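The values are calculated or read from the model by the stated rules, or taken from the named source; none is laboratory data. Nothing here was measured: the structure is a model prediction, and the numbers come from that model. Glycine also receives a Cβ, built like all others from the backbone with ideal geometry; neighbour counts cover every protein chain displayed. These accessible areas exclude ligands, DNA and RNA; they are computed on the full protein's heavy atoms, side chains included. Shrake-Rupley method; radii C 1.70, N 1.55, O 1.52, S 1.80 Å.
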Number of protein chains: 2
Amino acid sequence: MVDCGEGTQHQLRRFHVKSSKIDHVFISHLHGDHYLGLMGMISTFHLNNRKSPLHIFGPPGLDEIITQHLKYSHTQLKFPLFFTRTTTEGKNLLLELENLRIYSFPLKHRIPCTAFTFEEKYRQQKLIKEKIVGGGMAVEEIQSLLQGRDVINTDGSIKYRASEYIKEPVLPRKYAFCSDTVFDPSLVSLVNGVDLLYHESTFMEADKDRAKLTLHSTAEEAATIAKNAQVKELLLGHFSVRYIDLYPLLWEAKAVFEATHLSEEGKTYAIK
Amino acid sequence: MVDCGEGTQHQLRRFHVKSSKIDHVFISHLHGDHYLGLMGMISTFHLNNRKSPLHIFGPPGLDEIITQHLKYSHTQLKFPLFFTRTTTEGKNLLLELENLRIYSFPLKHRIPCTAFTFEEKYRQQKLIKEKIVGGGMAVEEIQSLLQGRDVINTDGSIKYRASEYIKEPVLPRKYAFCSDTVFDPSLVSLVNGVDLLYHESTFMEADKDRAKLTLHSTAEEAATIAKNAQVKELLLGHFSVRYIDLYPLLWEAKAVFEATHLSEEGKTYAIK
């Protein structure tokens, strides 16, 4: 889960998301709309007798906030809670899972704030069947090739070169989540080539002064980052309540970067 | 406002309650379902450029929690926020307004928790018209009688005795709000004769063991307090999610105390 505003639990129930599936929560910054639902979710996990660990990643201070809430509600959590502080210095590896690396890097907002990228380590490759069938390969060797990795002999030489057994290589996917940020061209290199970029677009160009003042971005600015970073698709979000109709924001972005979408509550966006 | 769980802002909007009308918030205790909506509401007041003061009454620790949230979101509130700590020692006058006194007193729950009573100081009386009209009374004198107060001469003697000018006396109204509490007969004297008693009824008698264990009450227990305290009406609330149909709780209470109601989201209960 990335960010957890007030009412997130309610939305999880509404959209039939099993909250027991949530093991990792990444909080970008400590403005209320990005984290005020976290304590309620933790409390519910506790009341529901959760046993599995919960890992939270967020800015310094969030650990204190959580501790204080637990202290005053006299709560001894029934599950282990691990907290990792993010920093606003450089790109950092926060977490490495079996097939995923998650990084944070700083955004320019009114308070310490980070973006997150979710980067697959490998992708299941499509093998050339004729070369595999009857080749006498071990299961582990095929699995290695499926992940795009060469099979290595004990003496270090290459036994099977993955590129020779793979059809067209399938590249690992990358997703970048840039929550609240002013227009910041230095993001371009950090999100370069990702498959999906979520970038806030609180305002339209007509309200650009307001965007600068509050350290937010316009739809056009989000699209400019997407275009210059040559990402595959752009997802806009964090719209100001002043806009009743969101399509003008979409059109504004599409004029710069065609493959843009509006994020809609409850909708799922698959990364191809 | 009494208590402020997660999503309270959402409910205010849903039921068209003007949040700008809220000047005083009373928090009974620091379990999440009673206060986790407070920070979001304060943030919204701030973002909406609220200017008028907000007075919060709650247990020790809530002040620290608020301060910490404001610190980490770098928020300098645009309105004055006053905080008064409640205590779990005896009945205390928290606030006196023009025609209202608000008290707190302790409840027996797993963490420090208080009830609140809202007590009118006077009620507009119905005067006997024939005795007033043409009697040469000053406006202030009539206002005094309307509030049920005698008019006193400068020498301390009674000029007009209120009881002589009043039809049937109208008594000031009292409302008691008992949030989370185990069945506690000592409440009877504290809520004696109130016009409306809100009393939690998390469970039914069939789940009485669970009620005792978690320091909550059953519907029958709430009704027993209402009956012994000779209150006019009882409002049940804080129902466990295990009960899909709430009418059995109502029937259980009504068997002991007939003038019982279920609290329903968004419904207004007038105190006669």
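In the set A:74, A:31, A:55, only one residue is at the interface with another protein chain (Cβ under 8 Å from one of its Cβ atoms), farther than 30 Å from residue B:109 by Cα and open to solvent by 10 Å² or more (accessible area, probe 1.4 Å); that residue is A:31.
When segment B:126-144 is filtered for residues that are under 24 Å from residue B:100 (Cβ atoms), touching an Asp or Glu at 6+ places or on another chain (Cβ under 9 Å) and surrounded by 14 or more Cβ atoms within 10 Å (Cβ to Cβ), only B:144 remains. With respect to residue A:169, determine if the residue is within 25 Å of residue A:271 (Cα to Cα) and more than 14 Å from chain B (Cβ to nearest Cβ). Yes, satisfied. Just one of (1) in contact with a Leu (Cβ under 7 Å, 6 or more places away or on another chain); (2) on the phi > 0 side of the Ramachandran plot fails for residue B:59. It is (2). Taken over segment A:92-109, the criterion of being surrounded by 13 or more Cβ atoms within 10 Å (Cβ to Cβ) and charged (D, E, K, R) is satisfied by A:101, A:108. Annotation note: Cβ proximity below 6 Å between a residue of segment B:51-80 that is within 19 Å of residue A:36 (Cβ to Cβ) and in the same structural domain as residue B:117 (by TED's automatic domain parsing) and a residue that is open to solvent by 20 Å² or more (accessible area, probe 1.4 Å) and part of a loop (DSSP other than H, G, I, E, B) (sequence gap 6+ or interchain) occurs for no pair. Contact map, segment A:130-145: residues that are part of a helix (DSSP H, G or I) paired with residues that are surrounded by 14 or more Cβ atoms within 10 Å (Cβ to Cβ) and among the aromatic types (Phe, Trp, Tyr), Cβ distance under 7 Å, separation 6+ or inter-chain. Pairs shown: A:131/A:165; A:132/A:165; A:141/A:160; A:145/A:160; A:145/A:165. Taking every residue in segment B:102-116 that is closer than 13 Å to residue B:175 by Cα and pairing it with any residue that is part of a loop (DSSP other than H, G, I, E, B) and of a type in the set (Lys, Arg), at least 6 positions away or on another chain, the pairs with Cβ-Cβ distances below 7 Å are B:103/B:91.
Considering only helices (runs of 4 or more DSSP H) fully contained in segment B:159-272, which possess at least 3 residues that are in contact with a helix residue (DSSP H, G or I) (Cβ under 8 Å, 6 or more places away or on another chain)? Steps first, please.
On the way: elements: B:162-165, B:187-190, B:208-214, B:219-228, B:247-254.
Because the criterion is at least 3 residues that are in contact with a helix residue (DSSP H, G or I) (Cβ under 8 Å, 6 or more places away or on another chain), the helices (runs of 4 or more DSSP H) in segment B:159-272 that meet it are B:162-165, B:219-228, B:247-254.
Looking across segment B:41-52, the residues that are in contact with a Ser or Thr (Cβ under 8 Å, 6 or more places away or on another chain) and either surrounded by 13 or more Cβ atoms within 10 Å (Cβ to Cβ) or facing another protein chain (nearest Cβ under 10 Å) (or both) come down to B:41, B:43, B:44, B:45, B:46, B:50.
I want to confirm something. Restricting to segment A:10-28 and keeping residues that are in contact (Cβ under 8 Å) with a residue 60 or more places away in the chain and within 14 Å of another protein chain (Cβ to nearest Cβ), which single residue is least open to solvent (accessible area, probe 1.4 Å)? Talk me through it step by step, then tell me what you get.
Pass one, segment A:10-28, residues in contact (Cβ under 8 Å) with a residue 60 or more places away in the chain: A:11, A:14-15, A:24, A:26, A:28.
When the remaining residues are screened for being within 14 Å of another protein chain (Cβ to nearest Cβ), the result is A:11, A:14, A:28.
Values: A:11: 51, A:14: 128, A:28: 1 Å².
Among residues in segment A:10-28 that are in contact (Cβ under 8 Å) with a residue 60 or more places away in the chain and within 14 Å of another protein chain (Cβ to nearest Cβ), the one least open to solvent (accessible area, probe 1.4 Å) is A:28.
Only a single item in (1) open to solvent by 50 Å² or more (accessible area, probe 1.4 Å); (2) among the β-branched types (Val, Ile, Thr); (3) touching a Leu at 6+ places or on another chain (Cβ under 8 Å) is not met by residue A:182, and it is number (1).
When the residues of segment A:145-161 are filtered to those that are in contact with a Lys or Arg (Cβ under 7 Å, 6 or more places away or on another chain) and farther than 17 Å from residue A:121 by Cβ, the one that is least open to solvent (accessible area, probe 1.4 Å) is A:151.
May I ask you to say which residue of A:171, A:246, A:190 is among the aliphatic types (A, V, I, L, M), within 19 Å of the chain's Cα centre (by Cα) and modelled with pLDDT of 95 or more?
Details: A:171 fails: modelled with pLDDT of 95 or more; A:246 fails: within 19 Å of the chain's Cα centre (by Cα).
That would be A:190, the only listed residue that is among the aliphatic types (A, V, I, L, M), within 19 Å of the chain's Cα centre (by Cα) and modelled with pLDDT of 95 or more.
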